[in-house]
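A.B. asks: Structure in structure tokens, see below.
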Amino acid sequence: MELEDIYRRDLNLLIALRVLLEEGSVSKAAVRLNLSQSAMSRVLGRLRSLTNDPLFTRHGQHLIPTQRALELNASLTAPLDALCTVLSPEEFDPAQCEQNFKIATTDYAMQTILPFALPRIYEEAPGLSLEFAPLQHDQLMRQLTTEGCDMAICRPTGPVDPLQSDILGLVSVFCLVAKHHPLADKTLTLDDYLTYPHAVIAISDGVKALIDEALRGHPQPKLALRAYHLEAAVAMVDSLPLIITVPADLAYLVGEKYDLVIKPLPFEFKPFDYSLIWHPRTEHSAAQMWLRNLIKEECGRLISSRIKDMGFI
């Protein structure tokens, strides 16, 4: 029998057969299936027509199954149990999880946000594996569909519909200069910011565009270096009086490491949202929901505490 032939059959009748076999009574089966007794009798008639077998004989008020009914019941056990499992709400036990999750993320988030969530992730789900892919803002939809990424962590650069998203927190921007920089012991002014050479780091996740917008109407800062890694800019601070503008929490993390001085921006800058983004296809997956909630809880708490420590709120 082909699938289309099965589709044309009323498979609910097979459920009714199982209930009749378990209850051994038309009236009890009717109560269980929320049917009237006459409707349940009609169901039994349709079952007999479907199987070309009487299925039951009556002994007083009790139904005695025929051999065919018993054979059908034995054959139905596995598929009906499988259907119950498929249609039951998905349960997820992190301790038993051995899934691989693929997350598209920026270098910034990889260095400053995610590491603080990883210990709890692996504590709760020691058997899972994580794969990180470089985030591509202009290909976000493709990454979350055909490229198989489960979620993304980034600063949205535009509307994300029809993707789903949740804000992890606000991120602001600070400047880094070397300790021997002419401005190291001075208050950074707007004129200073526009006069001294700058380094732009790809890890900053679009910060340059936000800075350009904030400085609209002013001369462009002097760009001396554009690099993918912060280390490239740090290597130049001994030979150039560079100002390196990066997300504030990254500034705090690397400032101490490289013995750099942290300076607030000398102009108004509105902190930007950092978000967790996913495709609707994973919206109701129990495993995905667990990981999203954990990342949101841990990373959101981290970002919130940093924002507060830095005096933004």
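The values are calculated or read from the model by the stated rules, or taken from the named source; none is laboratory data. From a predicted model like this one, the values you see are computed outputs, not experimental measurements. Here the Cβ positions follow ideal geometry from the backbone for every residue, glycine too, while neighbour counts run over all protein chains shown. These accessible areas exclude ligands, DNA and RNA; they are computed on the full protein's heavy atoms, side chains included. Shrake-Rupley method; radii C 1.70, N 1.55, O 1.52, S 1.80 Å.
A.B. asks: At a Cα cut-off below 18 Å, give the lysines reachable from K296, other chains included and same-chain residues fewer than 8 away excluded.
C.D. replies: Reachable lysines: K102, K308.
A.B. asks: Of A78, I201, N52, which is farthest on the positive side of the dipole of the chain, counting Cα position, with +1 on Lys and Arg Cβ, -1 on Asp and Glu Cβ, and the Cα centre as origin?
C.D. replies: The residue sitting most towards the positive pole is N52.
A.B. asks: In whole percent, what relative contact order does the chain give with Cα contacts below 8 Å and a gap of six or more residues?
C.D. replies: 21 percent
A.B. asks: Suppose a student asked you for the relative contact order of region 173-264, using Cα pairs under 8 Å spaced at least 6 residues apart; what percent would you report? Mind showing how you got there, number by number?
C.D. replies: Numbers: 142 pairs, mean separation 47.5, N = 92.
After rounding, I find 52 percent.
A.B. asks: Let me ask another. Can you give the accessible area of L240, probe radius 1.4 Å, in Å² rounded to 10?
C.D. replies: 60 Å²
A.B. asks: Please give the Cα centre distance for region 165-240 versus region 81-145, rounded to the nearest Å.
C.D. replies: Cα centroid of region 165-240 versus Cα centroid of region 81-145: 33 Å apart.
A.B. asks: Which lysines, on any chain, are close to K179 with Cα under 17 Å apart, when same-chain ones fewer than 8 places away are left out?
C.D. replies: Cα-Cα hits under 17 Å: K257, K263.
A.B. asks: Let me check I've understood the local charge: for P54, count other residues with C-beta under 9 angstrom from its C-beta, Lys and Arg +1, Asp and Glu -1. What total comes out?
C.D. replies: +1
A.B. asks: What FRET efficiency comes out for the pair T189/H229, r = Cβ-Cβ distance, R0 = 35 Å, nearest 0.05?
C.D. replies: On the way: r = 29 Å, r/R0 = 0.82.
Approximately 0.75, to the nearest 0.05.
A.B. asks: Where nothing but the Cβ of Lys and Arg (+1) and of Asp and Glu (-1) is charged, how large is the charge dipole of the chain around its Cα centre, in debye to the nearest 20?
C.D. replies: Here the chain has a charge dipole of around 860 debye.
A.B. asks: Ranked by accessible surface with a 1.4 Å probe, highest first, in what order do T195, T187 come? Can you show the working numbers first?
C.D. replies: Values: T195 80, T187 115 Å².
Heavy-atom accessible area, descending, gives T187, T195.
A.B. asks: Just by accessible area at a 1.4 angstrom probe, what is the order of S275, S38, S285 from largest to smallest?
C.D. replies: The residues order as S38, S285, S275, largest area first.
A.B. asks: Based on Cβ point charges of +1 for Lys and Arg and -1 for Asp and Glu, what charge dipole magnitude is obtained for region 3-87 about its Cα centre, in debye rounded to the nearest 20?
C.D. replies: Once rounded to the nearest 20, the dipole reads 320 debye.
A.B. asks: At 1.4 Å probe radius, can you tell me the per residue accessible area of the chain in Å²?
C.D. replies: Details: 17290 Å² over 313 residues.
Each residue of the chain exposes 55 Å² on average to a 1.4 Å probe.
A.B. asks: If Lys and Arg each add +1 and Asp and Glu each add -1, what is the summed charge of the other residues whose beta carbon sits under 13 Å from the beta carbon of P115?
C.D. replies: -2
A.B. asks: Between F267 and C84, what length in nm is gained on full extension when 0.36 nm per residue of separation is reduced by their alpha carbon distance?
C.D. replies: Working: separation 183, 0.36 × 183 = 65.88 nm, distance 6.12 nm.
In short, 59.8 nm is gained.
A.B. asks: Quick one: with all protein chains in place, what share of the accessible area of region 139-201 is carbon or sulfur, to the nearest percent (1.4 Å probe)?
C.D. replies: After summing per-atom areas, the C and S share lands at 52 percent.
A.B. asks: Could I ask something else about it? Using 19 Å as the cut-off for backbone N distance, which residues of region 57-86 belong to the label zone defined by a point 7 Å from the Cα of S27 along Cα→Cβ?
C.D. replies: 57-65
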